[in-house]
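Undergrad: Structure below; questions to follow.
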Amino acid sequence: MTIATKAQKFTTLVSPEQLAQHLHDPQWLIFDCRFALTRPESGRQAYAQAHIPGARYAHLDEDLCGPLTRTNGRHPLPDPNVLAQKLGHWSVDSDKQVVVYDDSFGSMAVRLWWLLRWLGHDAVALLDGGFPAWKRQGRELDADALVLRPAEFRATPNDSLWVDSDAMLQALAQKRVIIDARSEERFSGLIEPIDKVAGHIPGTLNSPFEDNLDLRGNFLKPEELRALYEPLLAGASPDQVIHMCGSGVTACHNLLALEVAGMPGGKLYAGSWSEWITDPSRPIWSKGANA
C-alpha cells in the first residue's frame, strides 16, 4: 500500500514498521498534525505530552491555513511563500522524506500531505493507522523539545491541483463528477454542527472519507478502494474528478485514497462547502428548502 522508488520515496502511505526502521534517519522528517475542530489546542497539548520521537508539530489553523475573509472557507489555502518558510524552518528540503500523522484516521494530517504535493514535494506519506496504531504496537514515544536545523525549501506551487468556486460553477454546468467527503448526515442536511448552512451542492456525490478505512483505521487495500470509487466515477477519468468536503481538509483523504487505488490526478475544491455558502447566489440543496 505504498509507492516507492529505488531511493525509497514514499508518496502515499507508510506503515508503523516502515517508519520505525527510519525513526532516527536524518533524511526522514515526521510531522504531528493532531487537531480537533471543536478544541483547537488539544492537538498541541497532546503533542507536548507525548509524540513520535523527532516529530514537529503543525497546527491546522496556524500553520496549514491562510487568513480568513468573508468570502473564503474555514481553512483557506496558505500563502505558498509563507508555508515554504515554515517548512524550511522545520528542516524540510527537496531531499527529505516527510511522514505525517494524527489521531483521527488521517483526516487532519492529509492536509499537509496535500499541501506538500501542491508545493512540489511529493516525497510525503501518511502514517497508516496514525498515532493510535503506533501506540498499539508499543513503539517509542517522547516529549522532548526539538532542536531544529533550518533548511531551504523551494516551493513550486502546482495550481492545477485545485479549483476555486468559479471553476466549480463551470464543473457543475459540465456535469463533472464532484465527490463530497463529509458524513452522510451532513451531506444530506440532517445535521450541520460546523457550518451556517446545512446541505450540499446539487449534483455532487457523497463518499465519506471514513469509508476509505477498515475497522482498525487503516486504509483499505488498493483493489477495495477501486471497487469503492469506480461506481462513483462511472467511467470518468480520475484526473477530471473534483473533491470537496466542509473546508478542503478531509477531501484530501479521498484524494489520497485514489492515489493508493492507482487512480490519481483528482482536484481539490479548496474552499469547499464553507466557502460555497458565503455567496447566496450559488445553488445549494438543503433539507428545509427541498422538503
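Undergrad: Condition check: hydroxyl-bearing (Ser, Thr, Tyr) and more than 25 Å from residue 109 (Cβ to Cβ). Does residue 183 satisfy that?
TA: no
Undergrad: I'm trying to understand the selection: among the residues of the range 149-186, which are in contact with a Pro (Cβ under 8 Å, 6 or more places away or on another chain), within 16 Å of residue 251 (Cα to Cα) and not basic (Lys, Arg)?
TA: Within the range 149-186, 181, 183, 184 meet the criteria.
Undergrad: Out of the range 235-266, which residues are closer than 22 Å to residue 68 by Cα and outside any helix (DSSP H, G or I)?
TA: 243, 244, 245, 246, 247, 248, 249, 250
Undergrad: When you look at residue 18, is it in a helix (DSSP H, G or I) and either farther than 12 Å from residue 127 by Cβ or in contact with a helix residue (DSSP H, G or I) (Cβ under 8 Å, 6 or more places away or on another chain) (or both), yes or no?
TA: no
Undergrad: If you take the residues of the range 15-43 that are under 16 Å from residue 75 (Cβ atoms) and touching a His at 6+ places or on another chain (Cβ under 9 Å), which of them is surrounded by the fewest Cβ atoms within 10 Å (Cβ to Cβ)?
TA: 40
Undergrad: Just to be sure before I move on: is residue 155 open to solvent by 10 Å² or more (accessible area, probe 1.4 Å) and either farther than 23 Å from residue 13 by Cα or among the aromatic types (Phe, Trp, Tyr) (or both) in the structure I sent?
TA: No, not satisfied.
Undergrad: When the residues of the range 208-219 are narrowed to those that are open to solvent by 30 Å² or more (accessible area, probe 1.4 Å) and in contact (Cβ under 8 Å) with a residue 40 or more places away in the chain, which ends up farthest from residue 276 (Cα to Cα)?
TA: 216
Undergrad: Turning to a different aspect of this structure: Within the range 44-122, considering only helices (runs of 4 or more DSSP H) that don't extend past its boundaries, which have at least 3 residues that are surrounded by fewer than 19 Cβ atoms within 10 Å (Cβ to Cβ) and touching a residue at least 24 places away in the same chain (Cβ under 8 Å)?
TA: Here the list reads 80-89.
Undergrad: Check 169, 161, 205 and return the single one that is touching a residue at least 24 places away in the same chain (Cβ under 8 Å), out of contact with any Leu (no Cβ under 9 Å at 6 or more places or on another chain) and open to solvent by 30 Å² or more (accessible area, probe 1.4 Å). Write out each step before concluding.
TA: Details: 161 fails: out of contact with any Leu (no Cβ under 9 Å at 6 or more places or on another chain); 205 fails: out of contact with any Leu (no Cβ under 9 Å at 6 or more places or on another chain).
Criteria check complete, one pass: 169.
Undergrad: Given the criteria over 30 Å from residue 129 (Cβ atoms) and either surrounded by 19 or more Cβ atoms within 10 Å (Cβ to Cβ) or modelled with pLDDT under 95 (or both), does residue 275 qualify?
TA: The answer is yes for residue 275.
Undergrad: Out of the residues in the range 123-143 meeting the condition of being in contact (Cβ under 8 Å) with a residue 60 or more places away in the chain and farther than 22 Å from residue 10 by Cα, tell me which one is least open to solvent (accessible area, probe 1.4 Å).
TA: 142
Undergrad: Follow-up. For residues that are within 18 Å of residue 51 (Cα to Cα) and among the charged types (D, E, K, R), tally how many sit in the range 103-136.
TA: 4
Undergrad: I've got another one for you. Please find, among 146, 228, the residue that is within 24 Å of residue 14 (Cα to Cα), open to solvent by 20 Å² or more (accessible area, probe 1.4 Å) and assigned to a loop (DSSP other than H, G, I, E, B).
TA: Numbers: 228 fails: assigned to a loop (DSSP other than H, G, I, E, B).
Criteria check complete, one pass: 146.
Undergrad: Can I ask one more? Have a look at 242, 284, 178, 194 and point out the one that is under 29 Å from residue 13 (Cβ atoms), open to solvent by 60 Å² or more (accessible area, probe 1.4 Å) and β-branched (Val, Ile, Thr).
TA: When all the criteria are applied, what remains is 194.
Undergrad: Here is a follow-up. Quick one: what pairs do we get from the range 242-264, first residue more than 10 Å from residue 209 (Cα to Cα), second part of a helix (DSSP H, G or I) and among the basic types (Lys, Arg), C-beta under 6 Å, 6+ apart or different chains?
TA: Note: pairs meeting the criteria are 249/111; 261/226.
The values are calculated or read from the model by the stated rules, or taken from the named source; none is laboratory data. These figures come from a predicted structure and were not determined experimentally. Please note: Cβ atoms are built from the backbone with ideal geometry, for glycine as well, and neighbour counts cover all protein chains shown. In case anyone asks, the SASA skips ligands and DNA or RNA and just uses the protein heavy atoms, side chains included. Shrake-Rupley method; radii C 1.70, N 1.55, O 1.52, S 1.80 Å.
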